[in-house]
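The values are calculated or read from the model by the stated rules, or taken from the named source; none is laboratory data. Please read all numbers here as calculations on a predicted model, not as lab measurements. Reconstructed Cβ throughout: ideal geometry from the backbone, glycine too, with neighbour counts over all protein chains shown.
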Amino acid sequence: MVNLPEHCKRAREALDRRLDGEIPGDPPDVASHRLTCGACRADESAALRMVLGLNTFAPEVLPADFAERVLAMACVAPAAPSRLTRWWLPSLALAASVMIAVFVIRDQTTDRYKPEVATVPVKIESAARPAPLAESIAEAGEAVAVLSRKTVINAPEVKLPSFSLPTEGPLDRLEPAVASLQNMGNGAVLSISPLTNSVRRAADLVWTELASDTDAEPKVN
Amino acid sequence: MAAEDTALVQHCLEGRPEGMRLLIERFQSDVFGLCFRLLHHRQDAEDVAQEVFVRVFRSLHRWDGARPLKPWIMGITVNRCRTMMGKRVRRPEYVDYLHDKPARDERDDSRELQAELRLAIAQLRPDYQTVFVMFHLQNEPYDVIATAIDRPVGTVKTWLHRARHEVLDCLKRRGMVPDDFVTAVKTADRKD
């Protein structure tokens, strides 16, 4: 929006009021301003031109049979159902509910046809018991060492790092963090708590898998 | 007028053809005029005007007898025109005469001015266009326009002023306003 000087703003408002038919002409101060301001005079010229142009728009003449056509259409077109003619709606709803109820009761009381499913004997081959993770890692390390001795002449003896499972559970490591969360504000606890719980559950699962004896039978899906 | 409206509507609700005919004849010029000015196409305007009256007859039982009938009918007209304009968005524009540029005649450029005005009005956004056409071409008062478009009178005034300034700017931009136009008109008035 252009910031107009105060006089021009008043001149524009006066022009709007003239075009709205609220006042017959400019107030004296606006009229004297318009004499000296080219932009406001151009506004007035354009408005006058617009009004003259709009007055030349002739009213559009309708075809003589317009009313007849509308009457014919109105008689053919289905009328909107009034409240009086909608008396059958509750009856329809009642009939629909009765039919639904009959079908539901029938469905529950009658013996329905149940398709028989052929039983196929499935023998699930149990996989070999997986070795514990620590043993697997040790075997892999030895294999790498043997390979390196074969490929590199006079290769030095590879000393495998000792691997052992952690003795304390990840839950214990998480506890201090959880405790520090408790000291934070309610907002922080509420927002982080779901995440912490998820981490705890995930850690619990991993720990159980790692630490448990692998006697369990492999799962078959 | 309200009592007259109520009696007329009552006749229509009773299904009397003479009452229905009277209602059509009373409002057909306003309805068709608005349709034509907003749609810029005679056949479309006729179709929409027919549809408006059919809808009016269908919905007369919902008309609030405490209010005047005309703004209610004009409201239905505005809505039907909007629907038609919405349908046109998906169709190629065939309102070719909006882009016509009649030959400039120095003595009488009223046809050119009309064409420029049509173009300027068609470029307004639909709300402004409706308000401008209803006020300047249909000579409807603010309250009828406000009821028809379901907006407060203040909003109608604001939209009308903005629409008018856009039209004036368009006329100035396209060289339709000679510099000495006001002076020339005033001088001609004094001679008369």
*Give segment B:15-34 a look and list any residue that's in contact (Cβ under 8 Å) with a residue 40 or more places away in the chain and facing another protein chain (nearest Cβ under 9 Å), or say none.*
B:GLY33
*Tally time: how many residues in segment B:107-154 are of a type in the set (A, V, I, L, M), more than 16 Å from A:LEU19 (Cβ to Cβ) and in contact with a Pro (Cβ under 9 Å, 6 or more places away or on another chain)?*
4
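Does B:CYS35 satisfy the condition of being of a type outside the set (Ser, Thr, Tyr), in a helix (DSSP H, G or I) and touching a Leu at 6+ places or on another chain (Cβ under 6 Å)? Let's see the steps before the verdict.
Details: of a type outside the set (Ser, Thr, Tyr): yes; in a helix (DSSP H, G or I): yes; touching a Leu at 6+ places or on another chain (Cβ under 6 Å): no.
It is false that B:CYS35 is of a type outside the set (Ser, Thr, Tyr), in a helix (DSSP H, G or I) and touching a Leu at 6+ places or on another chain (Cβ under 6 Å).
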*Under 9 Å between Cβ atoms, at least 6 apart or on separate chains: pull out the pairs that start in segment B:159-179 with a residue that is closer than 13 Å to B:ILE121 by Cβ and outside the structural domain of B:SER110 (by TED's automatic domain parsing) and end on any residue that is among the hydroxyl-bearing types (Ser, Thr, Tyr) and outside any helix (DSSP H, G or I).*
none
*Hey, among the residues in segment B:122-159 that are facing another protein chain (nearest Cβ under 10 Å), within 26 Å of A:VAL61 (Cα to Cα) and over 11 Å from the mean Cα position of the chain (by Cα), which one's surrounded by the fewest Cβ atoms within 10 Å (Cβ to Cβ)?*
B:PRO141
*Output the residue which, of all residues in segment A:27-57 that are part of a loop (DSSP other than H, G, I, E, B) and more than 53 Å from the chain's Cα centre (by Cα), is farthest from the other protein chains (Cβ to nearest Cβ).*
A:PRO27
